[in-house]
Each structure stands twice: as C-alpha cells, then as structure tokens.
C-alpha cells in the first residue's frame, strides 16, 4: 500500500496545485477551443485536426510545467523516501484523467459542431491526443529541464506536427501522428483505427521510458551505507 | 582524521573546538549520554537505534569542471553533537552538506550515516501553491507517516518556531522567514538522527533566530547529530565544534556551482 499511497499523494498534490491556478485551468480549456473555433468553416476537416493540436499544446504544456515547477522539490522528496518512479506515476495519475476529462468535453463539442462520420473514433482520437500529450510533455520536461528551452521544444514539435501534411515523412516521426490519423479516420467514410492506436501506444510508452530514465538520473540520490 | 577535522590537499584547513578553544588536531570524538526527550513526538526506530557516530564522510573530493571544490575532506559527527560548518563563500560548505545528504555525488570518498537524514537546504524548495499542511502531508508520506501523523508532528515542530498554525496561506504568500520555518519543519518531520542544516535561519527575526540555537541544544540533548552551515560568528560558541572549511588552495577562480 505504501508505494500506491505515495503515488496517490503526489497525484493529489499536483491536483491541489493546478486547481489553485485558475488562469491555467481556464487556458487548458480555452486553448484547444480557440484553435478549433478559429478553424471552423469551409475546411471542417482542418478544424478537428487544429482542435486536436490545440489540445496537445494545452495538455503537454501542463505536463511540462508539472515537471519543471517541482524540480527543486523532487530530489528532496526522494531524500524523504519517495522513489523517482513514484513521483512520475503521481503526475501520470493526475494528468492522465485530467487530459481525458478535457478531451471528453471537447469531443462532445466537436461531435455536435463538426458532425464527424464516426464520432466514437473522433473521441478515441481526442483521447489519444490527451494521453500522448501527457507523455510528450513529461518527456520534454525530463530531457530539457529548463523553462524557456523546454517550452520552445514543445512549441516547435507540436507546431511542426500542425504545419506538415499527414502523409509527409516528417509527420510520421512526430508524436501525434497516430492521434492525427485517428482524427482523420473519424471524418472519412473509412480509415484505419487499430494501426494508429498501436502507433500511439508504442510512441507513448517510448516517451515514458525516456522520461523514467532521465527523471531518475536527475532526482535520484545516493543512499549512504549505514554505520555499524 | 576523525572528530570532524578537515583535511585538504595541504595542511590548510583545520577545525577547532569552540567550547575549549582547542585546535582540530586535539579534538577527539566523544559520546554524550543520549536523552531521547521528545517534544510531543514519538521517537521512530531511526532515533532509538543508538549509534555513536552519526556521520562519517571520508576523503571527499568534488570538482565542477576544472574547479576543485573539495579535496580529500573528512568530517565526522557524533550523536548528541552540534557542529558548526563555517568558511568563506565558495569554500564548499553547501557542496559538502549536499554530498553528506546524498543529493550530490562525490567524485571520490565515502559517506556513511547512522540513521535517517534530515536535510534543510539553503533555499527552500517548496510548491508555491500548496499550503504548509499540504507540504507536511506530502513529505510525511515519503517518510511513511499517515496524513494525521504528518500533520500532528509537523504542527508540533512548527509550534516550536511560532509558525501560525492552521494557517491556510499558500506558500507563495508566506514571508521569507516563515517559509524557512516550514523548510526546517520538513527536515525535522521524520525525526531524523542526523540533521544537515544549510543556513536554516535565513529570514528569521531576532527571536526566532535565538530560538533556533536553543533548539540546537534541545536536538543535541535528544541525541541528534547536527551540522549547521553558518556565517554567524557570534553564535559559534553554542556549537560543540566549529569546522572551518577553506577554499582549496589550488583554486584560481570561482566559477561553477558551490
């Protein structure tokens, strides 16, 4: 129970921290919404994709800052008795459901406004964006533990994902390729579902493994031998 | 090399006993009778495990790039002893303390400890949008305390430092001194046997500052080993030993982290 208790406490504290950031909470919803609403019109397909990317920006940003804002505390928590992986899981336990909740509301809105051919596939695509965003934001925070640099990397990668065509080679190596394919499938009469889901899962796992390695390297402490 | 005497590459830094005025060469490790008198806190296994020496850092060396910070430094602290670690800026006091805490890895040398470590960093690393109680719960859980235990213990410690209890103020809105009190309370929460305090009184008002040194005496009586990094020369007499850490003589510049 103890490891689970530590994970849940970390999730709770991240939740308490974010709930007190009222502006950030508003932006988490407003950002994807503005991307989506700004793109609605004749190019309906583009609006769904843009909304998904807007959500990627918002949720990845939240994940990135959850790791950067606790940089000084993490090592001390490990000294107290937490394991680095518990700190990471605590963030996942909080951010994952948060992303899915935002995605759920956003999917409902897009289902009404954009009338996709397969609403449930679109919901799946939005959920994939949310989950992948958490993994991506955490990975960027672990790899580039500096506010400005990390933010620029995040903007750069997601921005390129938005700018390039889905079929391009560049798009295929970026983290949101799988979720974008799902969103595209939801709008077309026919499209792949399982393939993009597997792609998303594998990419997400790889990002989390990278995060795990770099977080451990950064916050783990040396446990001294005890004197006799 | 025992008894907290500091060795460098040459014969430059030595400790001296503030109480007797003896030089570090003469200082011998001594054990005091340990009275586990607690302030409403139940001792944990870590503190009841009586080990005379609580910290033994041996031949510690650390460089950042080409800058040598510590070279073959030894530090030993007994249970029931308060050691003041002094030295000019850049001497490596914080680095030595962080190595002893396990937060920084030494390039060479070994550290062994007698039990649980309580580390109070110079700059309090706290979540800005959490309350003091949130911090107590979070840090307490790491130490294996339940929510209620952590709050109870934390409040007992904070009350000793006149922290406004039941205050739901967010950490970002606390004064510097009050944040530091919380910082110190988090170090004490798990009832450690070894306290590593890096200028823990920054921002304290005069009364709290005097109170802090009184607490050092209380911790000593409880059998804790206490290392305090300090620049406050007026209070050195309240430590059992003063260990002065001089910058490495080979250092020609002061770049890099300390």
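A few notes on this one:
- Counting the residues of segment A:85-118 that are surrounded by 22 or more Cβ atoms within 10 Å (Cβ to Cβ) and either within 14 Å of chain B (Cβ to nearest Cβ) or touching a strand residue (DSSP E or B) at 6+ places or on another chain (Cβ under 7 Å) (or both) gives 5.
- Qualifying residue in segment B:210-225 (condition: within 14 Å of chain A (Cβ to nearest Cβ) and crowded, with 24+ Cβ neighbours inside 10 Å): yes
- Answer residue from segment B:162-181, given it is within 25 Å of residue A:87 (Cα to Cα) and surrounded by 22 or more Cβ atoms within 10 Å (Cβ to Cβ) and is nearest to the other protein chains (Cβ to nearest Cβ) among those: B:180
- Residue check for residue B:96: surrounded by 23 or more Cβ atoms within 10 Å (Cβ to Cβ), touching a residue at least 40 places away in the same chain (Cβ under 8 Å) and not in a helix (DSSP H, G or I): no
- Test: residue B:35 is at pLDDT 95 or above and either touching a strand residue (DSSP E or B) at 6+ places or on another chain (Cβ under 7 Å) or more than 14 Å from chain A (Cβ to nearest Cβ) (or both): no
- Residue A:212 in a helix (DSSP H, G or I), surrounded by fewer than 18 Cβ atoms within 10 Å (Cβ to Cβ) and within 14 Å of another protein chain (Cβ to nearest Cβ): no
- Residue A:164 being on the phi < 0 side of the Ramachandran plot, surrounded by fewer than 20 Cβ atoms within 10 Å (Cβ to Cβ) and touching a helix residue (DSSP H, G or I) at 6+ places or on another chain (Cβ under 6 Å): yes
- Checked against (1) more than 9 Å from chain A (Cβ to nearest Cβ); (2) surrounded by fewer than 23 Cβ atoms within 10 Å (Cβ to Cβ), residue B:130 meets all criteria but (1).
- A single entry from A:170, A:157 fulfils the requirement of being surrounded by fewer than 16 Cβ atoms within 10 Å (Cβ to Cβ), part of a helix (DSSP H, G or I) and either within 17 Å of the chain's Cα centre (by Cα) or away from chain B (no Cβ under 14 Å) (or both): A:170.
- Test: residue in segment A:51-67 that is within 10 Å of chain B (Cβ to nearest Cβ), within 30 Å of residue B:194 (Cα to Cα) and in contact with a helix residue (DSSP H, G or I) (Cβ under 9 Å, 6 or more places away or on another chain): no
- Residue among B:106, B:159, B:150 that alone is more than 22 Å from residue A:21 (Cα to Cα), within 9 Å of chain A (Cβ to nearest Cβ) and either in a helix (DSSP H, G or I) or under 20 Å from the mean Cα position of the chain (by Cα) (or both): B:106
- Each residue in segment A:66-84 was checked for being surrounded by fewer than 21 Cβ atoms within 10 Å (Cβ to Cβ) and free of Cβ contacts under 8 Å to residues at least 24 places away in the same chain, and 1 of them qualify.
- Of the residues making up segment B:133-146, those that are more than 7 Å from chain A (Cβ to nearest Cβ) and either over 20 Å from residue B:181 (Cα atoms) or assigned to a loop (DSSP other than H, G, I, E, B) (or both) number 2.
- Restricting segment A:1-47 to residues that are within 20 Å of residue A:156 (Cα to Cα) and surrounded by 23 or more Cβ atoms within 10 Å (Cβ to Cβ), the residue that is nearest to the other protein chains (Cβ to nearest Cβ) is A:32.
The values are calculated or read from the model by the stated rules, or taken from the named source; none is laboratory data. Everything numeric here is computed off the predicted structure, so don't read it as measured data. Cβ atoms come from the backbone with ideal geometry, glycine included; neighbour counts cover every protein chain shown.
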